[in-house]
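To start, the structure under review is shown below, and the notes come after it.
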Amino acid sequence: MASHGDLEAQYGDREADVNISPFLRMLWDHGLIDCSTNPKDSRLATRIKVQNLVYLAQRRFGLEFRYSHSMYIYGPYSVGLANDYFSIRDICDTPGGGLEGWAGGSAFLEFVKRHNDTKWLEIACTLIFTHDVDKVVRRDELLEYVHLIKNEFSAAYIAQVYDELIRGGMLAE
C-alpha cells in the first residue's frame, strides 16, 4: 500500500472533494468517528470506518462524492478519499453545516448510529460493493463470495449483516 507521502505526491495538486470536510465534521459532531481532530493522528480503525461511511453515504444515501472505489482488505477503498482525509489539518476547523441540501442525511445518521461498528461496516460495505459492482445478487452466492474474501468472519455473522441490510432497505433480495 502507498504511504501517505506517496499519496500526497501523487494526488497533492488536485482539489479535495467539497463534501468531505463537512461530512467528516458531521461524523465527528455525532460521535461516529473516534479520532483526534487531526486525521493524520487517527487510528487504522477510524480510517477504515471513514472509508466505509463515505462509501455507504455515496452508494445508499445519495451524498455526492467524486470518489471511485475498489475492493481492498477492509472493504471498499478510495485512494482519492485517503488523500483528501490526510490533507485535512483539523476536523474542528471545518465549520458545522455544509450538507443541508443532502436529502439522505437524516436517514444516514439514523442508520449509522445503529450500525457504528467498524467490523459491521466492513462486512456491510463489502456486501454492497459485491452486490452492486461485481453483480453478485443471489443471497447464497453473495454470502459465499463475501465469506471467501472475508474468511476471518463467520458465515453466520456475514449472513446476520446481510439480513440487517435487507431489513434496512440497503440491499434487495
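The values are calculated or read from the model by the stated rules, or taken from the named source; none is laboratory data. Keep in mind that what you see is a predicted model, and the values were worked out from it rather than measured. Heads up, the Cβs are rebuilt from the backbone with ideal geometry, glycines too, and the neighbour counts pull from every protein chain shown.
Would you be able to tell me the number of residues in region 50-94 that are modelled with pLDDT under 85 and part of a loop (DSSP other than H, G, I, E, B)?
4
Given the conditions (1) surrounded by 12 or more Cβ atoms within 10 Å (Cβ to Cβ); (2) out of contact with any Pro (no Cβ under 6 Å at 6 or more places or on another chain); (3) not aliphatic (A, V, I, L, M), and given that Glu152 satisfies all but one, which numbered condition is not satisfied?
Looking at each condition in turn, Glu152 falls short on (1).
Suppose the filter is at pLDDT 85 or above, under 14 Å from the mean Cα position of the chain (by Cα) and of a type in the set (A, V, I, L, M, F, W, C); does Val18 pass it?
So Val18 does not fit the description; no.
If you take the residues in region 43-84 that are touching an Asp or Glu at 6+ places or on another chain (Cβ under 8 Å), among the hydrophobic types (A, V, I, L, M, F, W, C) and within 20 Å of Gly98 (Cβ to Cβ), which one is surrounded by the fewest Cβ atoms within 10 Å (Cβ to Cβ)?
In this case the residue turns out to be Phe65.
Residue by residue, here is whether (1) more than 21 Å from Gly168 (Cβ to Cβ); (2) among the aromatic types (Phe, Trp, Tyr); (3) assigned by TED's automatic domain parsing to the domain that holds Phe153 holds:
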residue	(1), (2), (3)
Ser21	yes, no, no
Gly62	no, no, no
Tyr67	yes, yes, no
Met71	yes, no, no
Phe86	yes, yes, no
Asp90	yes, no, no
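Quick test for you: out of Gly101, Gly169, Gly97, pick the one residue that is surrounded by fewer than 17 Cβ atoms within 10 Å (Cβ to Cβ), in contact with a helix residue (DSSP H, G or I) (Cβ under 8 Å, 6 or more places away or on another chain) and outside any helix (DSSP H, G or I).
Gly97
Search region 40-57 for residues that are assigned by TED's automatic domain parsing to the domain that holds Ile123 and pair each with any residue that is at pLDDT below 95 when their beta-carbon atoms are under 8 Å apart and the residues are at least 6 apart or on different chains.
none
With respect to Asp34, determine if the residue is within 29 Å of Gly168 (Cα to Cα) and modelled with pLDDT under 90.
yes
Please tell me if Phe129 is in a helix (DSSP H, G or I), touching a strand residue (DSSP E or B) at 6+ places or on another chain (Cβ under 7 Å) and touching a residue at least 40 places away in the same chain (Cβ under 8 Å).
Spelling it out, Phe129 is indeed in a helix (DSSP H, G or I), touching a strand residue (DSSP E or B) at 6+ places or on another chain (Cβ under 7 Å) and touching a residue at least 40 places away in the same chain (Cβ under 8 Å).
When only residues in region 114-138 that are more than 19 Å from the chain's Cα centre (by Cα) and loosely packed, with under 15 Cβ neighbours inside 10 Å count, which is farthest from Asp163 (Cα to Cα)?
Only one residue tops the list, namely Lys135.
Which of the residues that make up region 138-163 are more than 10 Å from Thr126 (Cβ to Cβ) and in contact with a Lys or Arg (Cβ under 9 Å, 6 or more places away or on another chain)?
Scanning region 138-163 gives Tyr157, Ala159, Tyr162.
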